[in-house]
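Novice: Before I ask anything, let me first share the structure, which is written out below as structure tokens.
A short reminder: the numbers here are calculations on the coordinates, not readings from a lab. Bear in mind that the values here come from a model prediction, so they are computed numbers and not experimental data. We place every Cβ from the backbone using ideal geometry, glycine too, and count neighbours over all the protein chains shown.
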Amino acid sequence: MLEADSGKSAAESLQGGGLDGALLSFAVPELDLAALATAICPAVPALPVSLDAAERLHIARTLEHTAGNRRQAALILGISRSTLLHKIRKYGLGWNRR
């Protein structure tokens with residue numbers, strides 16, 4: 001969670017990316033809506049990542065969500081446990097066995 005004490009620092013924080021969501025208060029008097037809009041929707045889109053990189057990140061986040069429970073992660077991902085185990089090895093995700 002990021003918390004900004006000014007509109008400028010909020011816009012700068014958003015430019016770093018990696019956020020799943022944002023809660024904004026428009027009551028901040030110095031909030032620069034143009035800078036905020038640019039930070040949220042930049043004119044130049046980010047470079048696409050490879051399918052492998054996207055899959056690795058999705059599996060890692062799912063394992064984190066399930067605290068490493070592979071059976072539960074496989075159910076969430078809609079794949080078999082053996083397929084998940086194969087992908088864990090493929091991507092070098094070092095979760096303890098469960």
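Novice: Testing the spin-label approximation: label points 7 Å from Cα along Cα→Cβ at Leu75 and Ile40. State their distance in nm.
Specialist: 3.6 nm
Novice: Full extension from Ala27 to Arg61: what is 0.36 nm times the residue separation minus their Cα-Cα distance, to one decimal in nm?
Specialist: Result for the pair: 8.9 nm of gain on full extension.
Novice: Still on this model: With unit charges on the beta carbon (Lys/Arg positive, Asp/Glu negative), name the residue among Ala60, Ser82, Ser50 whose Cα is farthest towards the positive pole of the charge dipole of segment 42-83.
Specialist: Towards the positive end, the residue furthest out is Ser82.
Novice: How big is the Kirkwood radius of segment 36-98, worked out from every pair of different alpha carbons and given in Å to one decimal?
Specialist: Computed over Cα pairs of segment 36-98, the Kirkwood hydrodynamic radius comes out at 13.1 Å.
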